[in-house]
Amino acid sequence: MQLITHALAGLLEFRPRIFGDARGAFYETFSARTMESLGLPSHDWVQDNQSVSVAGTLRGLHFQRPPHCQAKLVRVAQGRALDVVVDLRAASPTFGQHASVELSAALGNVLYVPEGFAHGFVALEDDTLFLYKCSAYYAPATEGGLRWDDPALGIAWGFAGEALVSAKDAVLPLLSELDNPF
């Protein structure tokens, strides 16, 4: 598995070795041994989620407050998505900065998102199947988020047209309005 580091400390991308032949392809999408060898926290992954989205669907930017913070392993099993994270760790030198990674079924890449990040994505193709592995259960009382279109974040979401955003995500606070729990 190839490891790609990003400018935001702790954000890691894994690209698997894909074995293909006339029958199709095979690759590993998760390995606790690989995670441990990289010194990543030993998470007990407790919940898997998936969403199916049409092109232009934007979900996020979401997080959970302590004591229910979530680390995530995210990937796309069908289609393509632009995955975006924002560093909310107050003591981090990259606080308020974001990173974008295109995830695709063709690449099979997986992104590790540590606790303390807001996370979201936009589907770049119809029927994009997005998978999340979470280190903590969803806890509605501790959910939070940021506005996806906050001008201070300057995120280029990589699609043309209107974003399809939930009513809940449309009214999330700007970073400057956030009561930051991290």
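The values are calculated or read from the model by the stated rules, or taken from the named source; none is laboratory data. None of these values were measured; they are calculated from a predicted model. Neighbour counts run over all protein chains shown; Cβ positions are idealised from the backbone, glycine included.
Looking only at the range 18-26, decide whether some residue is closer than 30 Å to residue 152 by Cα, free of Cβ contacts under 8 Å to residues at least 60 places away in the same chain and charged (D, E, K, R). Walk me through how you get there before you give the answer.
Initially, the range 18-26 is screened for residues closer than 30 Å to residue 152 by Cα, giving none.
Within the range 18-26, not a single residue is closer than 30 Å to residue 152 by Cα, free of Cβ contacts under 8 Å to residues at least 60 places away in the same chain and charged (D, E, K, R).
For the range 146-168, which residues satisfy the criterion of being surrounded by fewer than 20 Cβ atoms within 10 Å (Cβ to Cβ) and either closer than 22 Å to residue 67 by Cα or acidic (Asp, Glu) (or both)?
Scanning the range 146-168 gives 149, 162.
Applying the selection to the range 125-182, what residues are of a type in the set (A, V, I, L, M, F, W, C), touching a Pro at 6+ places or on another chain (Cβ under 9 Å), under 18 Å from residue 87 (Cβ atoms) and touching a residue at least 60 places away in the same chain (Cβ under 8 Å)?
Taking the range 125-182 first, the residues of a type in the set (A, V, I, L, M, F, W, C) are 129-131, 134, 136, 139, 141, 146, 148, 152-153, 155-157, 159-160, 163-165, 167, 170-172, 174-175, 178, 182.
From what is left, the residues that are touching a Pro at 6+ places or on another chain (Cβ under 9 Å) are 136, 139, 146, 174, 182.
Okay, now just the ones that are also under 18 Å from residue 87 (Cβ atoms), so 146, 174, 182.
Listed by number, the residues that qualify are 146, 182.
From the list 19, 63, pick out the single residue that is at pLDDT 95 or above and aromatic (Phe, Trp, Tyr). Steps first, please.
Details: 19 fails: at pLDDT 95 or above.
Residue meeting the stated conditions: 63.
Hey, among 125, 115, 102, which residue is touching a Gly at 6+ places or on another chain (Cβ under 6 Å), modelled with pLDDT of 95 or more and of a type in the set (Asp, Glu)?
Values: 115 fails: touching a Gly at 6+ places or on another chain (Cβ under 6 Å); 102 fails: touching a Gly at 6+ places or on another chain (Cβ under 6 Å).
Sole residue among the options that is touching a Gly at 6+ places or on another chain (Cβ under 6 Å), modelled with pLDDT of 95 or more and of a type in the set (Asp, Glu): 125.
Restricting attention to the range 108-165, which residues are β-branched (Val, Ile, Thr) and within 26 Å of residue 45 (Cα to Cα)?
110, 113, 122, 128, 142
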